[in-house]
1. Sorted from largest to smallest, which semi-axis lengths in Å does the alpha carbon gyration tensor of the chain give for its equivalent ellipsoid, taking the root of 5 times each eigenvalue?
2. How much of E99 can a 1.4 Å solvent probe reach, expressed as accessible area in Å² and rounded to 10?
3. Calculate, in nm to one decimal, what H46 and K221 gain on full extension: separation in residues at 0.36 nm each, minus their alpha carbon distance.
4. So if we plug the beta-carbon distance of L114 and A393 into 1/(1 + (r/R0)^6) with R0 = 51 Å, what FRET efficiency do we get, rounded to 0.05?
5. Over the chain, with a Gaussian network built from C-alpha contacts below 10 Å, which listed residue (R308, R90, R106) shows the highest mean-square fluctuation?
6. Accessible area of S242, 1.4 Å probe, to the nearest 10 Å²?
7. Would you mind listing how long region 252-407 runs along its three principal axes, going by Cα atoms, in whole Å with the largest first?
8. Compute the Cα gyration tensor for region 81-140, then decide on rounded, prolate or oblate, letting a ≥ b ≥ c be the square roots of its eigenvalues: rounded whenever a/c is under 1.5, prolate when a/b is larger than b/c in the other cases, and oblate in all that remain.
Amino acid sequence: MCSILPMLSPQTTDRVREVADIEDIVNEYVPLKKKGQNLWACCPFHNEKSPSFSVSPAKQIYKCFGCGKAGDPIQFIMDIEGMSFTEAVRHLAQRYGIEIEEERERTPEQRRALSEREALFMALNYAKDFFIDQLKTPEGRAIGLSYFKERGFTPEILEAFDLGYAPDSWDALLTAAEKAGLQRDVLLKAGLVLQKEGDAERVYDRFRNRVTFTIHNVSGKPIAFGARILTQDKKQPKYINSPETEIYHKSDVLYGIFQAKKSIKAQNNCYLVEGYTDVISMHLAGVENVVASSGTSLTENQIKLIKRFSNQVTVLFDGDAAGIKASLRGIDLILEGGLHVKAITFPDGDDPDSYARKVGPAAFREYLAQAPKDFVRFQIDLFQEEAAKDPQARVALIQTLLTSISKIGDG
Ligand SMILES: [Zn+2]
């Protein structure tokens, strides 16, 4: 009997990639044991007495050093159940309660749009690997790697976050990528290279002489980069970032969500910080349920993203009271989104990154456990000093509180 299954929508596959957890899935077939960063078992695909089959929860992949089988959760189901790709996606969708959307025959335009997206993903992935490889060159070791080492970033952290180095060159990435067969217009659309103003023929690398932070989507694909300068050049911005592209919409993305999602779910709490290095410092301190909104206050789509994994957000504020007051409006949006909000501030103008490095991992974790205030209490404390002196400030405080409370949907 032959049955032709209709095509699955790419959204269904995306959702499966977002929620499928390699550790849970493999554990159903072979028991995993933790050793170092990874989990190990005797390989289910070949006969062996000592474990050479590894699972990386951080990367959501498995790899056998004996027989070479490797891949993501979907590939694992294909390998172990002998299923096709589509069957494996259906199998996992059922397991995780994901609605399966079928898709009709695609129009040529839809096919073109889809293959353009695929090409952008490939270009971003190529650039990620390129920047990682550059950390191994003499220049990359001397400049990029030594910066990361100085910050205490471990090899595991470099790997989990795909940190890299963009060399001091106008066309290192462009030349390598074209040699590898990537098209120039794809590299342009991916935001990896730029055209010189008034001379479209002159194309050059966007990221030069900087360390690179790979920005992943929720299923772990590279979609953009942030890049930090290491020289003292005051004319250059400290960070430059990928522009908006077909696959990167800044307002929909949270830095670190891929590395954090499992822990956010397990802890039922998501720490919200400002920058890339805050996220990484917290991982180094053993706190993995953390994401960064990249400076701006949260958008509705970012809030929805967090809500898939938890209904609790703890905002880590840095800076002075004035800065904190300015960002309170963003919090009302989180409350409106139906999330519970707590807040933490740091003493002496420290941010999570500097405070974690100052006090060390254990004291930092203890501070996080004890410092959270519910949001109403937090606002009262924040405005208390001036409200005590000034009746008008008192009225303003009460109004602010009432606004926040009115945003909490839950009676
Ligand atoms: Zn094997």
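1. 37, 28, 24
2. 150
3. Result for the pair: 60.1 nm of gain on full extension.
4. 0.35
5. Greatest mean-square fluctuation among the candidates belongs to R106.
6. Only protein atoms counted, so the area is about 10 Å².
7. Taking max minus min along each principal axis of the Cα atoms, region 252-407 gives 46, 33, 23 Å.
8. Because a/c hits 1.5 or more and a/b fails to exceed b/c, region 81-140 counts as oblate.
The values are calculated or read from the model by the stated rules, or taken from the named source; none is laboratory data. It should be emphasised that the depicted structure is a prediction, and the values quoted were computed from it without experimental measurement. Don't worry about glycine lacking a Cβ; one is built from the backbone with ideal geometry, like all the others, and counts go over all protein chains shown. The accessibility values were calculated without ligands, DNA or RNA, using every heavy atom of the protein model including side chains. Shrake-Rupley method; radii C 1.70, N 1.55, O 1.52, S 1.80 Å.
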